[in-house]
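The values are calculated or read from the model by the stated rules, or taken from the named source; none is laboratory data. Keep in mind the model is a prediction, meaning the values are calculated, not measured. We place every Cβ from the backbone using ideal geometry, glycine too, and count neighbours over all the protein chains shown. Ligands, DNA and RNA are excluded from the accessible area calculation, which covers all protein heavy atoms including side chains. Shrake-Rupley method; radii C 1.70, N 1.55, O 1.52, S 1.80 Å.
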There are 2 protein chains.
Amino acid sequence: MPRFEMKPIGIVESPLTDLASAPRQPDEGAPEAWLVFEPEMLEGLRNIQPGDSVIVITWLDRAHRDVLSVHPRGDRTRAPEGVFSTRAPHRPNPIGLHQTSVMAIDGTRVRVNHLEALDGTPIIDMKPALSEEIGQR
Amino acid sequence: MPRFEMKPIGIVESPLTDLASAPRQPDEGAPEAWLVFEPEMLEGLRNIQPGDSVIVITWLDRAHRDVLSVHPRGDRTRAPEGVFSTRAPHRPNPIGLHQTSVMAIDGTRVRVNHLEALDGTPIIDMKPALSEEIGQR
């Protein structure tokens, strides 16, 4: 099958700088972060407003792509699971999905209220969260 | 910023064969479909079971990547919106997110109960849906 080239549309600016300190799930204390979009993406952002629930899609560039099974939550006492049943970053295409809320917008900089991605992680897409994905928090 | 290469891990097998007939949202009558994974992905699928709620991530290979604003739902009487506030397929990186449920598994073939993606669409990842994404239907 043909391969596809992805072009980052922005980058994450976050106090999270190393894998060891990164929370594994968004409800485990992920900090606020800036999504810093490329200047040419401004038109695509023009309807984004504070309060919007969005899904940020990142490319987890520090993940290993040759991994097909992992120990759940990195716990080696647990049996390995196929990666497609886990949210582990390590997988053939290390795509991160992050549901979060927009707090503020400053040009192509978008502040979100929690993001479990490391500083410098490339952003590849952002979409509005659908109601059935938002659920109850 | 560096670009990244994505390797399809499988392909969608669906009765949906043309864009005009494809539903715009999963709750608008998307049909059942097969996710046909590459043989080498078998290990990654080994914990997938019927009943699992999953998010299938596709590469919408028939989308236009040079689009930054669209008329909502293709309706030209409505003002154009920035693509990052919409679920339009046309966007710089045409990534599709599809929440669905596993009905059956046959080796590397996974049957899902609805999928709004065209026949032949490349699959790039699959993850379990988190409870806050599942919500209520």
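In this structure, does B:R76 turn out to be more than 12 Å from chain A (Cβ to nearest Cβ), loosely packed, with under 14 Cβ neighbours inside 10 Å and basic (K, R)? The answer is yes for B:R76. Of everything listed in (1) facing chain A (nearest Cβ under 7 Å); (2) touching a residue at least 12 places away in the same chain (Cβ under 8 Å); (3) farther than 30 Å from A:V36 by Cβ; (4) acidic (D, E), the single unmet condition for B:E43 is (2).
Pick from B:L68, B:L42, B:L19: which is modelled with pLDDT of 95 or more, out of contact with any helix residue (DSSP H, G or I) (no Cβ under 9 Å at 6 or more places or on another chain) and either exposed (fewer than 14 other Cβ atoms within 10 Å of the Cβ) or over 30 Å from A:H71 (Cβ atoms) (or both)?
B:L42 is the lone residue from the list that is modelled with pLDDT of 95 or more, out of contact with any helix residue (DSSP H, G or I) (no Cβ under 9 Å at 6 or more places or on another chain) and either exposed (fewer than 14 other Cβ atoms within 10 Å of the Cβ) or over 30 Å from A:H71 (Cβ atoms) (or both).
Assess whether B:I48 counts as being closer than 30 Å to A:T108 by Cβ, within 11 Å of chain A (Cβ to nearest Cβ), open to solvent by less than 50 Å² (accessible area, probe 1.4 Å) and aliphatic (A, V, I, L, M). No; evaluated as a whole, the condition is false for this residue.
Does B:R78 satisfy the condition of being under 26 Å from B:V112 (Cβ atoms) and assigned to a loop (DSSP other than H, G, I, E, B)?
Here the answer is no, as B:R78 does not meet what is asked.
Checking each residue in region B:57-75 for being in a strand (DSSP E or B) and not β-branched (V, I, T) picks out B:W59, B:S69. If you check B:D61, B:D119 for being facing chain A (nearest Cβ under 10 Å), of a type in the set (D, E), closer than 27 Å to A:T86 by Cα and within 13 Å of the chain's Cα centre (by Cα), only one passes: B:D61.
Selection over region A:115-137 of residues that are open to solvent by less than 30 Å² (accessible area, probe 1.4 Å), over 12 Å from A:L97 (Cβ atoms), part of a loop (DSSP other than H, G, I, E, B) and at pLDDT 80 or above gives a count of 3. Do we have any residue at all in region A:32-44 that's within 19 Å of the chain's Cα centre (by Cα), of a type in the set (A, V, I, L, M) and farther than 14 Å from A:I11 by Cα? Within region A:32-44, none of the residues are within 19 Å of the chain's Cα centre (by Cα), of a type in the set (A, V, I, L, M) and farther than 14 Å from A:I11 by Cα.
Being of a type outside the set (G, A, S) and part of a loop (DSSP other than H, G, I, E, B) is the filter; apply it to region B:2-16 and report the residue that is farthest from the other protein chains (Cβ to nearest Cβ).
Restricting to residues being of a type outside the set (G, A, S) and part of a loop (DSSP other than H, G, I, E, B), the top hit is B:P15.
Say whether the condition of being outside any loop (DSSP other than H, G, I, E, B) and within 21 Å of A:V12 (Cβ to Cβ) is met by at least one residue in region A:83-95.
Checking region A:83-95: at least one residue is outside any loop (DSSP other than H, G, I, E, B) and within 21 Å of A:V12 (Cβ to Cβ).
Please count how many residues of region A:84-104 are open to solvent by 10 Å² or more (accessible area, probe 1.4 Å), facing chain B (nearest Cβ under 7 Å), over 18 Å from B:R3 (Cα atoms) and not hydroxyl-bearing (S, T, Y). Number of matching residues: 3.
Applying the criterion of being open to solvent by 70 Å² or more (accessible area, probe 1.4 Å) and either part of a loop (DSSP other than H, G, I, E, B) or within 24 Å of B:H98 (Cα to Cα) (or both) to the residues of region A:24-39, the residue that is farthest from the other protein chains (Cβ to nearest Cβ) is A:E32. Any chance region B:105-113 includes a residue that's part of a loop (DSSP other than H, G, I, E, B), touching a Ser or Thr at 6+ places or on another chain (Cβ under 8 Å) and either within 22 Å of B:F4 (Cα to Cα) or open to solvent by 10 Å² or more (accessible area, probe 1.4 Å) (or both)? Yes, that holds for at least one residue.
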